[in-house]
Amino acid sequence: MTMDLNLLPLLLAVAKERNFRAAADRMGVTRSAVSQSIRRLEDQLGTALVLRTTRSVHLTEAGAALVAALQSPLTEIGGALETAQARDVPRGHLKLTATSIAEPFLSGPLLAGFVQNHPEITVDVTVTDEEFDIVAHGFDAGVRLGEVIEKDMIAVPVGGDQRERAAASPAYLARHDAPSHPRELIDHPCIGWRRAPELAPHRWEFVENGQPFDVAVNQTFTTNDLRLMIRMAIAGAGITFAPEDCLREHFDTGALVPLLERFLPPFTGFFLYFPQRRNMAPKLRALVDHVRRLRHPGKDGGSRAT
């Protein structure tokens, strides 16, 4: 394998500074020269080494492995380049994050099928409702609602449209009249959700005659755990509000009753998102193709991120 070894000091500078401009200053070249050099190195190796967004710079798994090896004696450099070079078989550690309400992704079959089909990939999923820069935190990809994903990310749909549903138990409705309009919720005890303790509870959003509006409901019980919300509603503590995927089985069994249906239209659902297409790591490409095949079973995954 022929490599331009003059590119390696620039990679080490980027790894140390975690900033292209600072790395350029360190090496006495322009920021553009650093960016072009890293891209050339990635193209020669056939794999991404650095993930960059408008907010941060972070090494990929291959990039971190290469940098670690380059800091060893020079006799190990050849082996390090071979380690970083892309392979046909997807392998390695895939680090993902997903919001707790991403039921199409977290329900089990999607991820179970992926790990069964790719035994050389290990998967680590962090479930959190905190919003953060996945590149800066070392994640390969994330799963969130499309409306909260940064514009510089690439997004692939996971499942279809989503819909929020309001629900209460038959026992609760035996004690209280069901609301006929969302504004009547202020007269009901409600079970709400907040993303973090320091943030205000989520406002319940509705649509009437094509016009969106939200209601600051009477949240007598609030939690950041969706499962606890649903359990409290089943126990008759009040009305709750959650994604349809999370409530459907309880509607089917009769444990919960849907409310205010005409005020709750569908909206764009969840996406697998990641920072770049160029030289995508085979392990991430495999997940993207897997998600696309499940969404379009009749296709072979030929439309791929590149």
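Does LEU12 qualify as being part of a helix (DSSP H, G or I) and either closer than 23 Å to ALA141 by Cβ or open to solvent by less than 20 Å² (accessible area, probe 1.4 Å) (or both)? Lay out the reasoning, then the answer.
Values: part of a helix (DSSP H, G or I): yes; either closer than 23 Å to ALA141 by Cβ or open to solvent by less than 20 Å² (accessible area, probe 1.4 Å) (or both): no.
The answer is no for LEU12.
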So for the range 42-49 (the condition being closer than 22 Å to MET280 by Cβ, of a type outside the set (D, E, K, R) and over 29 Å from the mean Cα position of the chain (by Cα)), does at least one residue qualify?
yes
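Quick check on my filter: what residues within the range 223-243 are more than 20 Å from the chain's Cα centre (by Cα) and either assigned to a loop (DSSP other than H, G, I, E, B) or not β-branched (Val, Ile, Thr) (or both)? Reasoning before the result, please.
Our first condition is that a residue be more than 20 Å from the chain's Cα centre (by Cα); within the range 223-243, this holds for 223, 228-241.
Once the filter is applied, which keeps residues that are more than 20 Å from the chain's Cα centre (by Cα) and either assigned to a loop (DSSP other than H, G, I, E, B) or not β-branched (Val, Ile, Thr) (or both), the range 223-243 yields LEU228, MET229, ARG231, MET232, ALA233, ALA235, GLY236, ALA237, GLY238, PHE241.
Just to verify a result, which residue in the range 185-217, among those that are outside any strand (DSSP E or B) and of a type in the set (A, V, I, L, M), is nearest to the chain's Cα centre (by Cα)?
Across the range 185-217, the extreme among qualifying residues is ALA196.
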Where a residue in the range 14-26 is at positive phi and its partner, wherever it lies, is not in a helix (DSSP H, G or I), with Cβ under 7 Å and at least six apart
ARG18/VAL57
Looking only at the range 15-33, count how many residues are open to solvent by 90 Å² or more (accessible area, probe 1.4 Å) and touching a strand residue (DSSP E or B) at 6+ places or on another chain (Cβ under 7 Å).
1
Restricting attention to the range 145-181, report how many residues are open to solvent by less than 20 Å² (accessible area, probe 1.4 Å), closer than 27 Å to ASP124 by Cβ and modelled with pLDDT of 90 or more.
2
Where a residue in the range 35-56 is closer than 12 Å to PHE20 by Cβ and its partner, wherever it lies, is open to solvent by 50 Å² or more (accessible area, probe 1.4 Å), with Cβ under 7 Å and at least six apart:
THR53/ASP152; THR54/ASP152; SER56/ALA136
Looking at the range 99-144, which of its residues are buried (at least 16 other Cβ atoms within 10 Å of the Cβ), assigned to a loop (DSSP other than H, G, I, E, B) and among the hydrophobic types (A, V, I, L, M, F, W, C)?
ILE101, ALA102, ILE134, VAL135, PHE139
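The values are calculated or read from the model by the stated rules, or taken from the named source; none is laboratory data. Treat the numbers as computed from the prediction; the structure is a model and nothing was measured. Reconstructed Cβ throughout: ideal geometry from the backbone, glycine too, with neighbour counts over all protein chains shown. The area values use the complete protein model at the heavy-atom level, side chains included, leaving out ligands, DNA and RNA. Shrake-Rupley method; radii C 1.70, N 1.55, O 1.52, S 1.80 Å.
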